[in-house]
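The values are calculated or read from the model by the stated rules, or taken from the named source; none is laboratory data. Just so we're clear, the structure is a prediction, and the values are computed from it rather than from any experiment. No Cβ is skipped: glycine too gets one built from the backbone with ideal geometry, and neighbour counts run over all protein chains shown.
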Amino acid sequence: MTAYWVNTFTAIHDEERLARYVELAGPAMRAAGGEFLARGNPVHVLEGNAGLRTTVIRFADADAALAAYRSPAYQHALAVLGDAAERDIRVLAAVEG
């Protein structure tokens, strides 16, 4: 079942390291079969904490999303990011029917 990776930054401490992470993470996600559906700052905040930059990536299934997270390429991107940002990551299953 299709799964969606939802990543929301809640704090950014180092824009330069974040930019380097983005350069590495994008290709790592695509190499793992991810398709970027949305990314950027909220267009509208209707309720709650807006967070900052949010990314939504589609994967074939939750296992593929988990494999992408665990991949050496993405782990390298995470090492570059380090403590430069705080974020929440969720993997959600698509709704059937």
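Would you mention how many residues in the stretch 46-63 are out of contact with any Gly (no Cβ under 9 Å at 6 or more places or on another chain) and on the phi < 0 side of the Ramachandran plot? So the count comes out to 9.
Does the stretch 58-71 contain any residue that is surrounded by fewer than 13 Cβ atoms within 10 Å (Cβ to Cβ), touching a Phe, Trp or Tyr at 6+ places or on another chain (Cβ under 9 Å) and not in a loop (DSSP other than H, G, I, E, B)? Within the stretch 58-71, none of the residues are surrounded by fewer than 13 Cβ atoms within 10 Å (Cβ to Cβ), touching a Phe, Trp or Tyr at 6+ places or on another chain (Cβ under 9 Å) and not in a loop (DSSP other than H, G, I, E, B). Going through (1) over 14 Å from the mean Cα position of the chain (by Cα); (2) touching a residue at least 60 places away in the same chain (Cβ under 8 Å) one by one, Phe9 falls short only on (1). Candidates in the stretch 31-68 are the residues that are of a type in the set (S, T, N, Q) and closer than 19 Å to Ala19 by Cα; of these, the one that is modelled with the highest pLDDT is Thr55. Residues that are of a type in the set (A, V, I, L, M, F, W, C), within 19 Å of Leu81 (Cα to Cα) and either in contact with a His (Cβ under 8 Å, 6 or more places away or on another chain) or exposed (fewer than 12 other Cβ atoms within 10 Å of the Cβ) (or both) within the stretch 20-57 comprise Leu24, Ala28, listed in sequence order.
Would you be able to say whether some residue in the stretch 29-45 is of a type in the set (S, T, N, Q), in a loop (DSSP other than H, G, I, E, B) and touching a residue at least 12 places away in the same chain (Cβ under 8 Å)? Taking every residue of the stretch 29-45 in turn, at least one turns out to be of a type in the set (S, T, N, Q), in a loop (DSSP other than H, G, I, E, B) and touching a residue at least 12 places away in the same chain (Cβ under 8 Å).
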